[in-house]
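Visitor: Sharing a structure with you now.
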Amino acid sequence: MTLFAAARLPREILFGKGQRHVLPAVAAKFGRRAFVCTDERFAATSQFAEILAGLHNAAIETLVYDRTLPDVPRDSVAACIAQAEDFKPDMVIGIGGGSCLDMAKCAALLLSHGGRPQDYYGEFKVPGPTLPVIAVPTTAGTGSEVTPVAVISDPDRTLKVGISSPHLIAAVALCDPELTATCPPSLTAIAGADALTHAIEAFTAARRGDDPRLPQQHVFVGKSALTDHFALLAIRLLGRSLETAYRDGSDGNARADVMMGALAAGCAFGTAGTAAAHAVQYPVGAVTHTAHGLGVATMLPYVMSYTLPAAAAEIAEVGAALGLRQNGDGADASAHATIREVSRLFCAIGIPPNLAKLGLPEDRIDWTAEQALGIDRLIKNNPRPFDLAAMRRLVRAAYDGDMSATMM
């Protein structure tokens, strides 16, 4: 095998307790006018007031858009841009969960290149660099602070859509785990499960590195030597601390582990991509209106089970990163133990065990399978291929809660 590696990351990643206090010094490197994207919840906190005061004291003028909504509705982006155009910012600062960071990316894109979000759907549609983005996450899950993607919900489409381009990667990811201290247990669980799914799908993704032109033709290029390191780091950190952070949100060390895990998972899947768990979640989320992290985590053990014949060694390595002792009976036995441990962890933090519990109607199983199979950028990343019959079996198994049915 020829060694292949690829990674696309921010110019600077800053991580640690208290890092929010250096935001004024970081922002000053890009200019004196900052457009800030956040949501109503975080805008009302004392932490946000403290951050704005710090920028003001550093002579950085700010304009705040605090109406970011979950999943970034397409038409809300236009309202955000309308507020910022006359301000002529030097940079965009996104502070909040993944949607706030995605809104900041969209704002930087449209303020730089004009047009509408739908002009840029897909891969490599962004024509050039955008205004610099400083991404300051307040949740630990999406990894948007380091990824080349902004996800939008478009009322003209059933499924959410993405803008994918290396030009969307934030200039700086500034990650302070103290900002996650107020996340309630349910959000901690959903976001952390999303991050663990990112890491496992990136690590078990197809290896497609034979063509040197691949990274120039695709934003997501499958697993590589570099993405594997980030993915395994994420799995180790989340495996040892996600359940603790869920049960005791005041545990600062667990919070730091989970936020670093989400960051590392973003560094992995931002280049490697994700796979079938994400493909199925898109239609499931559209029908059930449930959180993205719930959907991908519900699907992950079933996708791992389906993938096992093509990736037993990688799944066993995931188990080792989660802290499982390696089974002397070989990779298959260790891989099965790994899938059981992922299922146990997700159950312990309140993730639904099957799609029926998530709320998917039984009469939408075939539709879900058809929609998922059509998301080629994700399906082609799965190491075990799919046809429609196989996808229907997977979705039916995940609906029934029958792990054994994925192996057919």
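Visitor: At what distance in nm do the modelled label points of Ala348 and Asp402 sit from each other, each positioned 7 Å from its Cα along Cα→Cβ?
Guide: 3.0 nm
Visitor: Cut-off 10 angstrom, C-alpha nodes, Gaussian network model of the chain. Which of Pro129, Pro361, Pro212 fluctuates the most?
Guide: Judging by the Gaussian network model, the answer is Pro212.
Visitor: So which trypsin sites (Lys or Arg not before Pro) in region 246-344 are both in a DSSP loop and have at most 12 other Cβ atoms within 10 Å of their Cβ?
Guide: Hits after loop and neighbour filter: Arg325.
Visitor: Which residues' amide hydrogens lie under 5 Å from the amide hydrogen of Gly96, considering only partners 5 or more residues apart or on another chain, with H built in the peptide plane?
Guide: Val136, Thr138
Visitor: Could you give log10 I(q)/I(0) at q = 0.10, 0.24 Å⁻¹ for region 102-196, computed by the Debye formula over C-alpha point scatterers of equal weight, without solvent?
Guide: Treating every Cα as an identical point scatterer, log10 I(q)/I(0) equals -0.29, -1.19.
Visitor: Region 375-390 to region 260-316: how many Å between their Cα centroids?
Guide: Taking the Cα centre of each part, region 375-390 and region 260-316 sit 13 Å apart.
Visitor: Taking only the C-alpha atoms, wrap a convex hull around the chain and report its volume per residue in Å³ as a whole number.
Guide: Cα-based convex hull of the chain, divided per residue, equals 124 Å³.
Visitor: Which net charge results when you count Lys and Arg as +1 and Asp and Glu as -1 among the other residues whose beta-carbon is under 11 Å from that of Asp402?
Guide: Charge balance near Asp402 sits at +1.
Visitor: Now for a separate question. What nm distance separates the two modelled labels at Gln47 and Arg325, each placed 7 Å from Cα along Cα→Cβ?
Guide: My value for the distance between the label points is 4.0 nm.
Visitor: Under 8 Å for C-alpha pairs, at least 6 residues apart: give me the relative contact order for the chain, rounded to a whole percent.
Guide: 15 percent
Visitor: Further question on the same structure: Suppose the chain between Glu40 and Asn253 were pulled fully straight at 0.36 nm per residue; how much longer would it get relative to their current alpha carbon spacing?
Guide: Value of the extension gain: 73.9 nm.
Visitor: Measuring with a 1.4 Å probe in the full set of protein chains, what accessible area per residue, in whole Å², belongs to region 74-190?
Guide: 31 Å²
Visitor: Moving on to the next point. Percent relative contact order of region 244-348, based on C-alpha pairs within less than 8 angstrom and at least six residues apart?
Guide: 17 percent
Visitor: Once label points are set 7 Å from the Cα along Cα→Cβ at both Gln217 and Ala58, what is their separation, rounded to one decimal in nm?
Guide: Distance between label points: 4.3 nm.
Visitor: If one computes P(r) from the Cα atoms of region 317-408, what percent of pairs lie at distances over 18 Å?
Guide: Of all Cα-Cα distances in region 317-408, 57 percent exceed 18 Å.
Visitor: Something else about it: Over the residues of region 1-154, compute the C-alpha Rg and express it relative to 2.2 N^0.38 Å.
Guide: 1.03
Visitor: Still on this structure, please answer the following. What does region 156-213 give for Rg and for Dmax, in Å, if only its C-alpha atoms count?
Guide: That works out to 16.3, 46 Å for Rg and Dmax.
Visitor: Straight-line reach only, C-alpha to C-alpha below 15 angstrom: list the aspartates and glutamates that Lys29 could link to, leaving out same-chain residues fewer than 8 apart.
Guide: Straight-line reach from Lys29, under 15 Å: Glu12, Glu61, Asp90.
Visitor: So if I restrict to the alpha-carbon atoms in region 116-170, what is the Rg, and what is Dmax, the biggest pairwise distance, in Å?
Guide: Both quantities, over Cα of region 116-170: 11.9, 31 Å.
Visitor: Right, next: Within a Cβ distance under 11 Å of Ile51, other residues only, what is the Lys/Arg minus Asp/Glu net charge?
Guide: Its environment carries a net charge of -1.
Visitor: Looking at this model, which pairs from Lys160/Lys357; Lys88/Lys125; Lys223/Lys380 are more than 18 angstrom apart at the alpha-carbon?
Guide: Check vs 18 Å cut-off fails for Lys160/Lys357; Lys88/Lys125.
Visitor: For Ser186 and Trp367, what does the FRET efficiency come to when R0 = 25 Å and r is the distance between their Cβ atoms, rounded to the nearest 0.05?
Guide: Step by step, r from the Cβ atoms, then E = 0.35.
Visitor: Further question on the same structure: When all C-alpha to C-alpha distances in region 275-376 are sorted into bins of 10 Å, what percent of pairs does each bin hold, rounded to whole numbers?
Guide: Percent of Cα pairs in each bin: 16, 43, 29, 11, 0.
Visitor: What percent does the relative contact order of region 191-320 come to when contacts are Cα pairs within less than 8 Å and at least six residues apart?
Guide: Relative CO of region 191-320 lands at 33 percent.
Visitor: Hey, another quick one. Identify which of Val22, Val318, Val219 has the largest mean-square fluctuation in a Gaussian network model of the chain, with springs joining Cα atoms closer than 10 Å.
Guide: Greatest mean-square fluctuation among the candidates belongs to Val22.
Visitor: Quantify, in whole percent, the carbon and sulfur part of the accessible surface of the chain (1.4 Å probe; protein heavy atoms only).
Guide: Answer for the chain is 51 percent, counting heavy atoms of protein chains only.
Visitor: Specify the residue with the greatest mean-square fluctuation among Ala310, Ala262, Ala279, computed from a Gaussian network of the chain linking alpha-carbon atoms under 10 Å apart.
Guide: Largest GNM mean-square fluctuation: Ala310.
The values are calculated or read from the model by the stated rules, or taken from the named source; none is laboratory data. For clarity, every value in this text was computed on a predicted model and none was experimentally measured. Glycine also receives a Cβ, built like all others from the backbone with ideal geometry; neighbour counts cover every protein chain displayed. Just the protein is used for accessible areas: all its heavy atoms, side chains included, with ligands, DNA and RNA removed. Shrake-Rupley method; radii C 1.70, N 1.55, O 1.52, S 1.80 Å.
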